[in-house]
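Reviewing the structure listed below.
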Amino acid sequence: LQRDAKGQYLFDLLCHHLNLLEKDYFGIRFVDPDKQRHWLEFTKSVVKQMRAQPPFTMCFRVKFYPTDPAALKEEITRYLVFLQIKRDLYHGRLLCKTSDAALLAAYILQAEIGDYDPGKHPEGYSSKFQFFPKHSEKLERKIAEIHKSELSGQTPATSELNFLRKAQTLETYGVDPHPCKDVSGNAAFLAFTPFGFVVLQGNKRVHFIKWNEVTKMKFEGKTFYLYVSQKEEKKIVLTYFAPTPEACKHLWKCGIENQAFYKLEKSSQVRTVSSSNLFFKGSRFRYSGRVAKEVMESSAKIKREPPEIHRAGLVPSRSCPSITHGPRLSSVPRTRRRAVHISIMEAFHRFSSFLHQSGASRGQDGLGLGGTGTTFVAVMSGGCPPWGAEPLPAPVGAHPGQDAAGSHELCDTPADIAVRVAVSDAGLTGSPRASCSAGNLPLAEQVNKFVLSVLRLLLVTVGLLFVLLLLLIVLTESDLDTAFFRDIRQTPEFEQFHYQYFCPLRRWFACKVRAVVSLLIDT
């Protein structure tokens with residue numbers, strides 16, 4: 001990767017290694033130094049989105065949960081979605097009744113160890129697996145009973161498909177909770193699902209609003225507003241408070257993307273959305289991908305031999321963020337785990353071997369093969385990365401030591417795949433690009449570059465001021481009565497500016513012009 005590589009390039013590279021074609025459901029997420037989650041934007045440079053110093057740690061996971069996961073065209077896609085939902089179940093994000101929990105866990109057991117064999121699976125064998133944040137011996141016996149009697153003969157692919165069909169019927173399917181508080185100060189979790197907007201309090205869903213009922217989303221500081229238009233022209237505004245302005249903006253952007261993905265018929269209908277009525281105030285954001293209907297149509301056209309899938313029972317990570325506020329349990333080592341042979345790992349090992357054989361010494365800041373800006377991508381699997389991935393902070397109002405849904409840990413991926421990107425500033429010795437660093441340029445050339453950058457900045461500034469001046473004249477002097485101009489004119493800030501500053505300035509300017517004109521006439 002070059003230093004100016006876009007997020008789309010990194011995402012396509014990763015999907016190519018995974019042999020994944022139905023990639024629109026997935027994304028790359030990272031956490032900034034303030035422990036705030038972000039989705040990697042594919043239209044922007046990877047490096048410019050990172051506030052931390054390299055190496056960067058990012059996670060590949062499901063971003064848009066399929067409306068019907070069983071209808072996915074390829075088995076590799078269903079397998080990755082299965083891994084993500086299995087992880088949601090383990091971390092308490094997928095809530096369900098005891099009977100449903102036992103059936104889901106039995107499907108996982110059948111997919112990972114196959115049919116029950118008395119010689120291989122002694123009494124209590126299901127307790128060796130950690131399916132939920134916490135569970136009882138009674139639930140373990142129920143899981144083993146279903147696995148023994150009802151699922152015999154099912155292949156891993158069939159068990160995973162049945163698991164997806166069952167999970168899709170649950171109320172919290174596809175929930176990725178954002179911790180907030182309502183207007184009364186009560187803790188709540190907001191989430192966006194394939195079917196609409198969800199509000200959770202405790203273990204209950206207190207609000208569910210379909211996507212076609214959501215008319216607008218905006219935020220101001222820490223406050224998030226959801227405008228709802230229901231039957232009989234009934235309009236509702238739901239207000240929630242996020243822990244920080246950054247968390248509120250992330251919540252707003254997630255809502256904009258989910259609504260566009262699930263609600264719209266075509267990506268050409270996507271519009272740039274502003275968080276404020278005034279174009280020069282607030283944030284602007286635009287969803288840049290395809291919508292769900294286009295993805296399904298594209299998937300139907302896939303014609304290739306199904307790629308080989310190397311399944312593996314992965315040990316869950318050490319942390320267990322959940323909506324249930326249950327105590328954290330350490331992972332129980334799993335027995336009879338199959339080896340992990342993902343193609344991306346094989347590529348990594350081959351790449352590492354090549355680096356060692358080449359004998360290139362690049363110092364301690366990074367590795368590379370192509371000069372300045374070369375990026376080294378290492379892909380790890382099997383739990384959280386060893387380079388210091390930390391869990392996110394607990395939600396607003398959480399007590400120390402209490403577990404909650406807002407504390408999603410960084411390594412929150414479907415296949416426990418974490419991508420580590422190290423950007424190297426040092427070029428290879430003797431390369432043409434390394435010899436042209438800024439420190440070695442002649443003084444005159446450096447001055448010319450500085451002058452050109454200053455001139456560009458001045459030109460852009462003058463252009464923006466000119467545009468703002470034209471808009472100000474249109475707002476104050478024209479008779480245009482469009483909804484956009486009317487909303488701006490009715491704001492208290494604009495009225496104050498108009499009467500206290502603009503009108504006196506206009507009178508002063510008109511007086512000076514008249515004085516100059518009379519002087520010219522006299523002379």
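The values are calculated or read from the model by the stated rules, or taken from the named source; none is laboratory data. Here the structure is a predicted model, which means the values were calculated and not measured. Using ideal geometry, Cβ is built from the backbone for each residue, glycine included, and neighbour counts are taken over all protein chains shown. Areas reflect the complete protein model, heavy atoms only, side chains present, ligands, DNA and RNA absent. Shrake-Rupley method; radii C 1.70, N 1.55, O 1.52, S 1.80 Å.
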- Long-range amide H contacts for F26: which residues qualify at under 5 Å (H placed 1.01 Å from N, peptide plane, sequence gap of 5 or more or a different chain)? K63, F64
- Item | Accessible area of F42 in the full protein assembly, 1.4 Å probe (Å², nearest 10) | 40
- Message: Once the cut-off is 16 Å, how many percent of the Cα-Cα pairs in the stretch 459-519 end up in the long-distance tail?
- Response: 59
- How long is the stretch 84-218 along each principal axis, judged by its Cα atoms, biggest number first, in Å? 59, 28, 19
- What are the ³J(HN,Hα) values, in whole Hz, obtained from phi via the Karplus relation 6.51 cos²θ - 1.76 cosθ + 1.60 with θ = phi - 60°, for each residue of the stretch 157-171 in sequence order, with x given for Gly and Pro? 5, 5, 5, 5, 5, 5, 4, 5, 5, 6, 4, 5, 7, 7, 5
- Message: Suppose accessible area is computed on protein heavy atoms with a 1.4 Å probe; arrange T244, T57, T169 from highest to lowest.
- Response: T169, T244, T57
- Item | Kirkwood hydrodynamic radius of the stretch 1-114, from inverse mean 1/r over distinct Cα pairs, in Å | 16.1
- Item | Debye, to nearest 20: dipole size of the stretch 7-62, +1 on Lys, Arg Cβ, -1 on Asp, Glu Cβ | 200
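Report, please, the projected area of the stretch 178-300 averaged over directions, based on the convex hull of its C-alpha atoms, in nm².
Details: hull surface 35.3 nm².
The orientation-averaged projected area of the Cα hull of the stretch 178-300 comes to 8.8 nm².
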